[in-house]
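Just below is one structure, and these are the notes that go with it.
Values in this text are rule-based calculations from the coordinates and carry no lab data. Nothing here was measured: the structure is a model prediction, and the numbers come from that model. Please note: Cβ atoms are built from the backbone with ideal geometry, for glycine as well, and neighbour counts cover all protein chains shown.
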Amino acid sequence: MAIPLRKPNEIEKLRTAGLAVAKTLDYLKQNVKPGMTLLEVDQMGEKILHSLNARPSFKGLYGFPNAICTSLNEVIIHGIPSNTVLKEGDILGLDIGSEIEGWYGDAAITMPIGQISKEDEDLIACAKDSLYYAIDSIYEGMRFKELSKAIEDFIRARGYVPLTRFCGHGIGRRPHCEPEIPNYIETPNVKAGPKIKNGMVFCLEPMICQKDHEPVILENDWDVVSKDGLRTSHYEHTVAVIDGKAVILTEVN
């Protein structure tokens with residue numbers, strides 16, 4: 001399937017959807033505190049999305065029951081909000097999708113709950129730093145496999161490993177479309193596969209494990225953890241390729 005090339009006016013619509021996600025994540029980062037439940041975080045985020053005239057696109061997507069993925073501590077992605085109470089020292093992944101007038105936005109952060117350990121600070125920093133490193137690395141004509149290798153090399157250089165079997169993705173009129181963008185390389189030949197072109201819009205989302213890259217899906221059929229059972233981190237932005245460089249669409253300027 002061909003990867004869509006978006007016109008400037010379409011990228012602006014995607015930017016509008018992305019900005020709603022960015023504003024919601026910023027609000028939650030400032031207001032989520034110890035003592036709140038994951039369901040309260042979800043409800044707060046959904047309320048902010050609606051106030052920005054955005055539909056929470058994850059709600060009902062593939063059967064997901066809530067507006068926001070709340071991934072706590074060992075959960076790396078797809079965490080279902082629950083009555084679990086946040087406490088000092090936790091780390092919380094927040095992944096949010098939006099839809100405005102048929103266009104989608106998607107981004108994620110991992111945030112500290114109160115004061116956290118140096119180990120958890122480093123874990124979160126790897127996800128965030130690898131994401132921005134990848135974004136800065138993008139140029140027109142680069143192959144997606146080269147981008148995947150750059151992400152994996154960065155993560156491993158920090159002493160961590162990328163989660164396998166889950167990946168970044170295209171976005172546009174649907175929340176997930178071509179291309180798939182793993183955070184690792186499965187074959188040694190990176191000079192194969194599609195090239196990055198102006199007008200492409202996609203989501204990059206490094207998912208960081210400490211020792212074991214194998215995912216385990218928990219009994220609720222959603223929460224994903226690493227096989228090692230250790231804490232994890234996740235960051236994501238939607239980017240558009242404009243004039244040969246990646247521009248972030250899910251950031252409050």
* Taking segment 213-247 on its own, how many of its residues are surrounded by fewer than 16 Cβ atoms within 10 Å (Cβ to Cβ) and closer than 19 Å to Tyr184 by Cα? -> 3
* What number of residues within segment 225-250 are among the hydrophobic types (A, V, I, L, M, F, W, C), assigned to a strand (DSSP E or B) and more than 14 Å from the chain's Cα centre (by Cα)? -> 6
* Please state which one of Lys87, Lys145, Lys149 is among the basic types (Lys, Arg) and under 27 Å from Tyr27 (Cβ atoms). => Lys87
* Structure fact -> Matching residues in segment 187-217 (within 20 Å of the chain's Cα centre (by Cα), outside any loop (DSSP other than H, G, I, E, B) and farther than 23 Å from Gly18 by Cβ) number 4
* Asked: How many of the residues making up segment 33-61 are buried (at least 20 other Cβ atoms within 10 Å of the Cβ), touching a helix residue (DSSP H, G or I) at 6+ places or on another chain (Cβ under 9 Å) and closer than 17 Å to Leu86 by Cα?
  -> 2
* Identify, from the list Ser51, Ser57, Ser71, the residue that is within 20 Å of Val252 (Cβ to Cβ), among the hydroxyl-bearing types (Ser, Thr, Tyr) and touching a strand residue (DSSP E or B) at 6+ places or on another chain (Cβ under 6 Å). => Ser57
* Residue within segment 126-146 that is under 19 Å from Cys69 (Cα atoms), among the charged types (D, E, K, R) and buried (at least 16 other Cβ atoms within 10 Å of the Cβ) present -> yes
* Taking the residues in segment 151-189 that are touching a residue at least 24 places away in the same chain (Cβ under 8 Å), hydrophobic (A, V, I, L, M, F, W, C) and more than 17 Å from Tyr62 (Cα to Cα) as candidates, determine which candidate is surrounded by the most Cβ atoms within 10 Å (Cβ to Cβ). => Leu163
* To do: List every residue pair whose Cβ atoms sit under 9 Å apart, with the two residues 6 or more apart in sequence or on different chains, where the first one lies in segment 195-220 and is over 28 Å from Glu119 (Cα atoms) and the second, anywhere, is basic (Lys, Arg) and surrounded by fewer than 19 Cβ atoms within 10 Å (Cβ to Cβ).
  => Lys195/Arg143; Ile196/Arg143; Gly199/Lys7
* To do: Just need a number here: residues in segment 136-162 that are within 30 Å of Gly89 (Cβ to Cβ), out of contact with any Lys or Arg (no Cβ under 9 Å at 6 or more places or on another chain) and not basic (Lys, Arg).
  => 6
* Asked: Has segment 106-122 got at least one residue that is outside any strand (DSSP E or B) and within 24 Å of Leu14 (Cβ to Cβ)?
  -> no
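Based on what the data block shows, is Arg143 of a type in the set (D, E, K, R) and on the phi > 0 side of the Ramachandran plot?
Against the criterion (of a type in the set (D, E, K, R) and on the phi > 0 side of the Ramachandran plot), Arg143 does not qualify.
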